[in-house]
Amino acid sequence: MGYRINVNGEVREVEATPDMPRLWVLRDLLGLTGTKYGCGMAQCRACTVHIAGEPAFACQTAIAAVGDRPVTTIEGLSTDGGKTLHAVQEAWIALDVPQCGWCQPGQIMSAVALLGKTPAPTDEQIDEGMNGNICRCGTYSRIKLAIHRAAKGGV
Amino acid sequence: MERRQFLKVSATATGGMMLWFACGKSKGKQEPTGDGEAPQPSGEGADLNAWIRIDPDDTVTFRIADAEMGQGIMTAVSMILAEELDASWGKVKAEHAPSDSEKYGSQSTGGSTTIRQGWEPMRVAGAKARVMLVAAAAERLGVAAAELTTEASQVVHAASGRKLRYGELVAAAAKIAPPEQPELKAAARYHLVGKATPRLDTRAKVLGQAVYGLDVRLPGMLTAQVVRAPMMGAKPKKIDDAAARAVAGVRDIVTITSGVAVIADHFWAAKLGREALVIEWEGGDAGLDTAGVSRKLAEAVGKGVEVRKDGDAAKTLGAATKKLRASYEVPYLAHAPMEPLSATVHVHDDLCEIWTGTQTASFTVMKAAAILAISPEKVKVTTTFMGGGFGRRSQVDFVADAVEVARAAKVPVKTVWTREDDVRGGQYRPAALSEIEGALDADGWPVAWRQRIASPSILAALGPLKKGVDATSVEGVDNLPYGIPNVHVTYANPALPVTTWFWRSVGSSQNAWSVEHFLDELARLGGKDPLEVRRRLLADKPRHLGVLEAAAKAAAWGTPALAGRARGLAVHESFGSFVAQAAEVSIENGAPRIHHVWCAIDCGRIVNPSTITAQMESGIVYGLSAALHGAIGFEGGRITTSNFHDYPVVRMGDMPVIDVILVESTADPGGVGEPATPPIAPAVCNALLALTGKPVHRLPIKLTA
Ligand code: FES
Ligand code: FES
């Protein structure tokens, strides 16, 4: 079936079966490989994107269920092709958070969503808001510091 | 248009699809040189040796022959090269070297060896290139090389104030014969090595631009998944693929050595296709279950061969009045790197091209050449970034599958593993059982230690074992560091039909636990403080003691913990480094809660402190996941564990505060990727012992009421 979808401010047309998860539409049909696969069953949040501003598991969201609601991926978080970074990305760079990096797009998308709702989160709120995102490399300590840093406007 | 050209074009058009990955500053952003002038690219760039390329705009590109899987070696190796080369760090880029055994020798990463083994040759490579640049400058300026110095990618003639940029010298320098034995920088002059340095790959990873194995896309590429035997050793007897072939997007179904491959347009079609396959399997061991694994270990443990014998442990144990016996068991573990495995292969025109996140380009080449019966020179491997490795990617089973699939498909195919394929795919950290007995003297100090180990061998699959002993299964015990006069160690290799492989820190991952936890049990029996016992038994082991004292001091050992909490200590040497950890633990809702970990490491010369700190945190989290949760289960010959819901790992909410102490040392660099994993399980179990009075004899930890 043909779908018109709105990704990072662009309308794209794709051919897909209605059950195809948004994760594979992004990665395999649109070449937006910044959104990662980790489990395919809502366990790791490596696939986190924003759908109409809300964080969502791309691996659990069938293309037919998204409609034309706007989707933002890690590639769309910064503007002008990566020249202007989101404050969360800046904090991530300042604290050198990633190790292997595979979980990081999902971590960053979750952190952006968390800060959207809770602009100055406590440690406990970060624990709660980020508990869904697995990092096998164990970057959690730096992630927590980076979220506090982004919350304080980069200091 | 040539395919390679096409790839470059598509890379520019879409941004996120680069097949090679530039790290650090892009070529487009030129930085002013030391004199404040923008460099004028002129002439040609050139390679000064296998690792170093310099372009006219002064960009220095380091080709890193080892694998960057998160541990930070791409940056650390670049720092070593840049230090000796006197390259301006802002102009440094790094990328994985292509497979090339002639240039790079063995390209395999494991055993925390990159910096340990690369420290000398990478310094030499950087120094050689520097000497060549200086010689080219001497010729151009008509002065003696001895009058020239280097700094920030320039050769400087102080007497005349003249400066030449590396970018303008490189073409001439490349024609100069490299010196045999260049002089290396004195450590006192280091300005990069030893300084916390941001990783070169951070920006690409934060923008979602870094290209991993699973992100590789080639024109006309298909995607495959392989249905492997549900029981190890089983083979397909009858395949009904009619329904699978009818799935939209499924292109072909082929039988390969490891199972049945569904080749499709993309991941999702391949997944739907495999779900529609009906396969009847035959063979395999249907009798295996989790309890059966324990039984096999227990049957074997008393029948081992001798590994170490000091004094007479049996006699001392026989005569002792204060003694203890305990057994320690750990299960099989999957590596579960965050990025599931994949390899993209194109077999064409007598050539095999492979793009994959591998820890071993070398074995990948050999494996592909063997499968295709072509010479290794006909196999080209491009190593991508990898979403964790932990040892899993030093096995080449996933590449072998992909090569077989691509040979059948005749077009480029990315063969991908689902998370379930990964967790059920074997190649596990072996299960292990240790039976330990210890005796104390009249004053309560340990005087005898007997440890019998049963653990299915990893090395036996690679060749005959030396004297029947798998060195990886006994590491940490055969070199038990404690000054105990009577030590006896044996090893048995029970036959189990489960494939095993190197898992972050290998045998130390279980042996540090059994040794360090049993030592605390003995200390308790003798009425001694765990730190006191270690101080006494490690009197002639200064590096063990150094980290132990540092961790104990940071944890304020000896002062009371908060109500309901207790602290435990452990120390272990592995991969050329010494790590001690103290953990502060309580019990919450019937499970251990780890509040704080203090970790001290002596890894010799420090290259990048920022990376070492990160690797300490990483190793602790990895070891903690195993200690608290990790276990592969078996039932009726099948693996019951499949994904993160039944193979849980540590999450943000479980995280302790971690403090890392880097102990200064001038010894040659030790490893940092693995040594933080072994001590965490015993540190936590020792804290639980202090808290509850009960030891933990099986991992993962299950507290009994
Ligand atoms: S891939 Fe979607 S939650 Fe793991
Ligand atoms: S950085 Fe490797 S999984 Fe998070």
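Residues considered: B:344, B:364, B:358, B:384. Of these, the only one that is polar (S, T, N, Q) and farther than 19 Å from residue B:100 by Cβ is B:344. Among the strands (runs of 3 or more DSSP E) confined to segment B:179-272, the ones with at least 2 residues that are under 30 Å from residue B:283 (Cβ atoms) and polar (S, T, N, Q) are located at B:222-228.
Considering segment A:19-43, and only residues there that are among the hydrophobic types (A, V, I, L, M, F, W, C) and assigned to a loop (DSSP other than H, G, I, E, B), the residue that is nearest to ligand 2 (Cβ to nearest atom) turns out to be A:39.
Residues that are buried (at least 24 other Cβ atoms within 10 Å of the Cβ), in contact with a strand residue (DSSP E or B) (Cβ under 7 Å, 6 or more places away or on another chain) and β-branched (Val, Ile, Thr) are absent from segment B:78-91. Taking residue B:577, is it crowded, with 22+ Cβ neighbours inside 10 Å, of a type outside the set (A, V, I, L, M, F, W, C), within 20 Å of residue B:620 (Cβ to Cβ) and in contact with a strand residue (DSSP E or B) (Cβ under 8 Å, 6 or more places away or on another chain)? When the stated conditions are applied, residue B:577 passes them. Would you call residue A:123 crowded, with 18+ Cβ neighbours inside 10 Å and more than 16 Å from ligand 1 (Cβ to nearest atom)? For residue A:123, the condition - crowded, with 18+ Cβ neighbours inside 10 Å and more than 16 Å from ligand 1 (Cβ to nearest atom) - is not met.
In segment A:57-74, the condition of being within 16 Å of ligand 2 (Cβ to nearest atom), part of a strand (DSSP E or B), in contact with a Pro (Cβ under 6 Å, 6 or more places away or on another chain) and on the phi < 0 side of the Ramachandran plot is met by no residue. Residues in segment A:91-120 that are at the interface with chain B (Cβ under 9 Å from one of its Cβ atoms) and more than 16 Å from ligand 2 (Cβ to nearest atom): A:94 only. Hey, among the residues in segment A:39-65 that are crowded, with 18+ Cβ neighbours inside 10 Å and closer than 14 Å to residue A:8 by Cβ, which one's nearest to ligand 1 (Cβ to nearest atom)? By that ranking, first place goes to A:58. Beta carbons closer than 8 Å, at least 6 apart along the sequence or on distinct chains, pair a first residue in segment B:365-382 that is closer than 16 Å to residue B:397 by Cα with a second that is of a type in the set (Ser, Thr, Tyr) and surrounded by fewer than 16 Cβ atoms within 10 Å (Cβ to Cβ) for B:365/B:101; B:369/B:375. Per the listing A:33, A:17, A:84, the residue uniquely crowded, with 20+ Cβ neighbours inside 10 Å and either away from ligand 1 (no atom under 13 Å from the Cβ) or under 24 Å from residue A:117 (Cβ atoms) (or both) is A:33.
The residues of segment A:12-44 that are under 14 Å from residue A:76 (Cβ atoms) and free of Cβ contacts under 8 Å to residues at least 12 places away in the same chain, listed by number, are A:31, A:33. Remark: residue A:46 matches the filter, which requires a residue to be within 11 Å of chain B (Cβ to nearest Cβ) and either part of a strand (DSSP E or B) or in contact with a Lys or Arg (Cβ under 9 Å, 6 or more places away or on another chain) (or both).
Just a yes or no: is a residue in segment B:644-653 within 14 Å of chain A (Cβ to nearest Cβ) and basic (Lys, Arg)? Checked against the condition, which is being within 14 Å of chain A (Cβ to nearest Cβ) and basic (Lys, Arg), segment B:644-653 yields at least one hit. Candidates are the residues of segment B:121-168 that are touching a residue at least 24 places away in the same chain (Cβ under 8 Å) and within 29 Å of the chain's Cα centre (by Cα); the one that is surrounded by the most Cβ atoms within 10 Å (Cβ to Cβ) is B:126. Every test in (1) more than 16 Å from ligand 2 (Cβ to nearest atom); (2) facing chain B (nearest Cβ under 7 Å); (3) within 15 Å of residue B:208 (Cα to Cα) is passed by residue A:86 save one, and that test is (2). Within segment A:127-155, the set of residues being outside any loop (DSSP other than H, G, I, E, B) and within 16 Å of ligand 2 (Cβ to nearest atom) comprises A:130, A:140, A:141, A:142, A:143, A:144, A:145, A:146, A:147. Restricting B:430, B:446 to those that are away from every other protein chain (no Cβ under 14 Å) and under 25 Å from the mean Cα position of the chain (by Cα) reduces the list to B:430. In segment A:19-39, what residues are facing chain B (nearest Cβ under 7 Å), out of contact with any Pro (no Cβ under 8 Å at 6 or more places or on another chain) and under 16 Å from residue A:107 (Cα atoms)? Hits for segment A:19-39 are A:33, A:39. Residues in segment A:121-155 that are of a type in the set (Lys, Arg) and within 14 Å of chain B (Cβ to nearest Cβ): A:136, A:142, A:144, A:149.
Residue A:100 meets all of the listed conditions (1) surrounded by 24 or more Cβ atoms within 10 Å (Cβ to Cβ); (2) within 15 Å of ligand 1 (Cβ to nearest atom); (3) assigned to a loop (DSSP other than H, G, I, E, B); (4) at negative phi but one, namely (2).
A short reminder: the numbers here are calculations on the coordinates, not readings from a lab. Values in this document were obtained by computation on a predicted structure and should not be read as measured data. Neighbour counts run over all protein chains shown; Cβ positions are idealised from the backbone, glycine included.
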